[in-house]
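A short write-up of the structure that comes next.
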Amino acid sequence: MTTFFQIPSFVTILDFVGTFAFAISGIRLASAKRFDWFGAYVVGLATAIGGGTIRDLLLDVTPTWMTNPMYLICTALAMFFVILFGKYVIRLNHTFFLFDTIGLALFTIVGFSKAYALGYPFWIAIIMGSITGAAGGVLRDIFINEIPLIFRKEIYAMACVIGGLVYWICLVSDMDSVLSQIIGGITVFITRILAVKYKITLPILKGDSENP
(Lines give C-alpha, C1' and ligand atoms only; values in the text may rest on other atoms or scores of the structure.)
Protein backbone atom coordinates (compact mmCIF):
# COMPACT_ATOMS: atom_id res chain seq x y z
CA MET A 1 0.00 0.00 0.00
CA THR A 2 1.31 3.44 -0.96
CA THR A 3 1.76 5.91 1.87
CA PHE A 4 0.68 9.39 0.91
CA PHE A 5 1.51 11.01 4.23
CA GLN A 6 4.69 10.49 6.18
CA ILE A 7 5.35 11.77 9.65
CA PRO A 8 8.32 14.16 9.36
CA SER A 9 11.50 13.25 11.20
CA PHE A 10 12.68 15.28 14.16
CA VAL A 11 15.44 16.84 12.05
CA THR A 12 12.87 17.86 9.41
CA ILE A 13 10.74 19.52 12.08
CA LEU A 14 13.82 21.36 13.33
CA ASP A 15 14.53 22.45 9.77
CA PHE A 16 11.06 23.92 9.28
CA VAL A 17 11.02 25.64 12.67
CA GLY A 18 14.49 27.02 11.98
CA THR A 19 13.33 28.25 8.57
CA PHE A 20 10.41 30.08 10.17
CA ALA A 21 12.61 31.61 12.88
CA PHE A 22 15.37 32.71 10.51
CA ALA A 23 12.86 34.10 8.02
CA ILE A 24 11.32 36.24 10.78
CA SER A 25 14.74 37.56 11.76
CA GLY A 26 15.45 38.58 8.16
CA ILE A 27 12.02 40.09 7.55
CA ARG A 28 12.16 41.96 10.84
CA LEU A 29 15.45 43.64 9.87
CA ALA A 30 14.19 44.32 6.33
CA SER A 31 11.15 46.09 7.79
CA ALA A 32 13.44 48.26 9.91
CA LYS A 33 15.15 49.28 6.66
CA ARG A 34 11.75 50.15 5.12
CA PHE A 35 11.79 47.37 2.49
CA ASP A 36 8.56 46.65 0.61
CA TRP A 37 6.79 43.31 1.06
CA PHE A 38 8.56 41.62 -1.82
CA GLY A 39 11.98 42.87 -0.75
CA ALA A 40 11.34 41.77 2.82
CA TYR A 41 10.28 38.31 1.61
CA VAL A 42 13.46 37.98 -0.45
CA VAL A 43 15.59 38.91 2.56
CA GLY A 44 13.68 36.45 4.75
CA LEU A 45 14.02 33.69 2.17
CA ALA A 46 17.75 34.29 1.70
CA THR A 47 18.19 34.16 5.47
CA ALA A 48 16.18 30.95 5.72
CA ILE A 49 17.62 28.93 2.83
CA GLY A 50 20.98 30.57 2.16
CA GLY A 51 23.06 28.48 4.53
CA GLY A 52 21.32 25.23 3.62
CA THR A 53 21.79 25.91 -0.09
CA ILE A 54 25.53 26.49 0.29
CA ARG A 55 25.78 23.35 2.42
CA ASP A 56 23.93 21.19 -0.10
CA LEU A 57 26.02 22.46 -3.00
CA LEU A 58 29.20 21.59 -1.08
CA LEU A 59 27.78 18.15 -0.27
CA ASP A 60 26.84 17.68 -3.96
CA VAL A 61 23.13 17.17 -3.30
CA THR A 62 20.09 19.05 -4.57
CA PRO A 63 19.21 21.97 -2.27
CA THR A 64 16.25 20.94 -0.14
CA TRP A 65 14.10 23.95 -1.03
CA MET A 66 14.18 22.83 -4.69
CA THR A 67 12.49 19.54 -3.80
CA ASN A 68 10.16 20.69 -1.03
CA PRO A 69 8.05 23.88 -1.28
CA MET A 70 7.60 24.00 2.51
CA TYR A 71 10.63 26.28 2.81
CA LEU A 72 8.99 28.86 0.58
CA ILE A 73 5.72 28.38 2.45
CA CYS A 74 7.41 28.76 5.87
CA THR A 75 8.95 32.01 4.70
CA ALA A 76 5.56 33.24 3.49
CA LEU A 77 4.03 32.34 6.86
CA ALA A 78 6.82 34.26 8.58
CA MET A 79 6.05 37.21 6.32
CA PHE A 80 2.37 37.14 7.24
CA PHE A 81 3.30 36.76 10.91
CA VAL A 82 5.37 39.95 10.80
CA ILE A 83 2.63 41.76 8.85
CA LEU A 84 -0.08 40.76 11.32
CA PHE A 85 1.95 41.33 14.47
CA GLY A 86 4.40 43.85 13.04
CA LYS A 87 3.83 46.59 15.60
CA TYR A 88 4.77 44.14 18.35
CA VAL A 89 7.51 42.21 16.54
CA ILE A 90 9.30 45.18 15.00
CA ARG A 91 9.29 47.35 18.12
CA LEU A 92 10.62 44.68 20.45
CA ASN A 93 14.36 45.22 20.75
CA HIS A 94 15.11 41.56 21.46
CA THR A 95 12.92 40.04 18.75
CA PHE A 96 15.66 39.84 16.13
CA PHE A 97 18.15 38.37 18.58
CA LEU A 98 15.70 35.74 19.82
CA PHE A 99 14.60 34.45 16.42
CA ASP A 100 18.12 34.66 15.00
CA THR A 101 19.49 32.61 17.90
CA ILE A 102 16.74 30.01 17.58
CA GLY A 103 17.39 29.68 13.85
CA LEU A 104 21.13 29.49 14.43
CA ALA A 105 20.77 26.63 16.92
CA LEU A 106 18.29 24.61 14.88
CA PHE A 107 20.09 25.00 11.55
CA THR A 108 23.42 24.02 13.09
CA ILE A 109 21.98 20.68 14.15
CA VAL A 110 20.23 20.17 10.79
CA GLY A 111 23.43 20.84 8.87
CA PHE A 112 25.54 18.61 11.08
CA SER A 113 22.99 15.78 10.91
CA LYS A 114 22.78 15.89 7.12
CA ALA A 115 26.54 15.81 6.56
CA TYR A 116 27.09 13.12 9.22
CA ALA A 117 24.32 10.96 7.76
CA LEU A 118 26.04 11.14 4.37
CA GLY A 119 29.15 9.58 5.89
CA TYR A 120 31.36 12.64 6.26
CA PRO A 121 33.73 12.83 9.26
CA PHE A 122 32.68 14.82 12.30
CA TRP A 123 34.87 17.82 11.50
CA ILE A 124 33.24 18.20 8.09
CA ALA A 125 29.83 17.83 9.76
CA ILE A 126 30.72 20.62 12.20
CA ILE A 127 31.74 22.88 9.32
CA MET A 128 28.53 22.07 7.44
CA GLY A 129 26.51 22.78 10.58
CA SER A 130 28.26 26.12 11.01
CA ILE A 131 27.67 27.05 7.36
CA THR A 132 23.99 26.08 7.62
CA GLY A 133 23.57 28.16 10.76
CA ALA A 134 25.64 31.23 9.91
CA ALA A 135 25.71 31.68 6.11
CA GLY A 136 22.06 32.71 5.83
CA GLY A 137 22.68 35.48 8.33
CA VAL A 138 25.65 36.66 6.26
CA LEU A 139 23.44 36.96 3.17
CA ARG A 140 20.77 38.75 5.22
CA ASP A 141 23.22 41.33 6.52
CA ILE A 142 24.71 41.90 3.07
CA PHE A 143 21.23 42.45 1.61
CA ILE A 144 20.40 45.07 4.25
CA ASN A 145 23.86 46.68 3.97
CA GLU A 146 25.16 45.74 7.41
CA ILE A 147 28.45 44.18 8.48
CA PRO A 148 27.64 40.45 8.93
CA LEU A 149 27.55 39.30 12.55
CA ILE A 150 29.99 36.52 11.75
CA PHE A 151 32.66 39.13 10.97
CA ARG A 152 32.14 41.12 14.15
CA LYS A 153 33.60 40.38 17.54
CA GLU A 154 30.39 38.72 18.77
CA ILE A 155 30.35 34.95 19.34
CA TYR A 156 28.23 33.74 16.42
CA ALA A 157 29.70 31.04 14.18
CA MET A 158 31.82 29.84 17.11
CA ALA A 159 28.58 28.98 18.92
CA CYS A 160 27.78 26.67 15.99
CA VAL A 161 31.19 25.01 16.28
CA ILE A 162 30.78 24.45 20.03
CA GLY A 163 27.25 23.08 19.61
CA GLY A 164 28.33 20.79 16.77
CA LEU A 165 31.20 19.45 18.84
CA VAL A 166 28.89 18.75 21.79
CA TYR A 167 26.41 17.05 19.44
CA TRP A 168 29.17 14.79 18.07
CA ILE A 169 30.39 13.90 21.58
CA CYS A 170 26.84 12.88 22.49
CA LEU A 171 26.58 10.71 19.36
CA VAL A 172 29.87 8.87 19.96
CA SER A 173 28.78 8.34 23.56
CA ASP A 174 25.86 6.24 22.20
CA MET A 175 23.31 8.75 23.40
CA ASP A 176 19.88 8.73 21.75
CA SER A 177 20.03 10.70 18.48
CA VAL A 178 17.06 12.95 19.27
CA LEU A 179 18.44 13.72 22.74
CA SER A 180 21.84 14.43 21.18
CA GLN A 181 20.22 16.87 18.76
CA ILE A 182 18.39 18.63 21.58
CA ILE A 183 21.54 18.94 23.68
CA GLY A 184 23.56 20.19 20.71
CA GLY A 185 20.93 22.79 19.81
CA ILE A 186 20.59 23.97 23.41
CA THR A 187 24.37 24.31 23.57
CA VAL A 188 24.38 26.64 20.56
CA PHE A 189 21.51 28.65 22.02
CA ILE A 190 23.01 28.99 25.50
CA THR A 191 26.49 29.77 24.15
CA ARG A 192 25.11 32.62 22.06
CA ILE A 193 22.93 33.94 24.91
CA LEU A 194 25.76 33.88 27.47
CA ALA A 195 28.24 35.43 25.04
CA VAL A 196 25.96 38.41 24.42
CA LYS A 197 24.79 38.75 28.03
CA TYR A 198 28.32 38.75 29.48
CA LYS A 199 29.97 40.37 26.44
CA ILE A 200 32.22 37.38 25.81
CA THR A 201 34.12 37.91 22.58
CA LEU A 202 36.99 36.47 20.61
CA PRO A 203 40.26 38.43 20.55
CA ILE A 204 40.27 41.20 17.96
CA LEU A 205 43.02 41.09 15.35
CA LYS A 206 44.64 44.49 15.57
CA GLY A 207 46.57 45.98 12.69
CA ASP A 208 48.46 49.17 12.07
CA SER A 209 45.81 51.86 11.79
CA GLU A 210 48.28 54.45 10.58
CA ASN A 211 49.06 54.89 6.93
CA PRO A 212 52.68 54.15 5.99
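The values are calculated or read from the model by the stated rules, or taken from the named source; none is laboratory data. Values in this document were obtained by computation on a predicted structure and should not be read as measured data. Heads up, the Cβs are rebuilt from the backbone with ideal geometry, glycines too, and the neighbour counts pull from every protein chain shown.
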task = Hey, can you tell me all the residues within segment 57-69 that are modelled with pLDDT under 95 and either surrounded by 16 or more Cβ atoms within 10 Å (Cβ to Cβ) or polar (S, T, N, Q) (or both)?
result = Thr64, Trp65, Thr67, Asn68
inquiry  = Step by step: first the residues of segment 10-19, then only those that are under 10 Å from the mean Cα position of the chain (by Cα) and not β-branched (Val, Ile, Thr), then the one that is surrounded by the fewest Cβ atoms within 10 Å (Cβ to Cβ). Which residue is that?
reply    = Asp15
query = Got a sec? Which of Asn211, Asn145 is at positive phi, over 14 Å from the mean Cα position of the chain (by Cα), modelled with pLDDT under 95 and in a loop (DSSP other than H, G, I, E, B)?
reply = Asn145
note = For segment 65-123 the number of residues that are more than 18 Å from the chain's Cα centre (by Cα), part of a helix (DSSP H, G or I) and of a type in the set (Phe, Trp, Tyr) is 5
remark   = Just one listed residue, out of Ile109, Ile182, Ile190, Ile150, is surrounded by fewer than 24 Cβ atoms within 10 Å (Cβ to Cβ) and touching a helix residue (DSSP H, G or I) at 6+ places or on another chain (Cβ under 8 Å), and it is Ile150
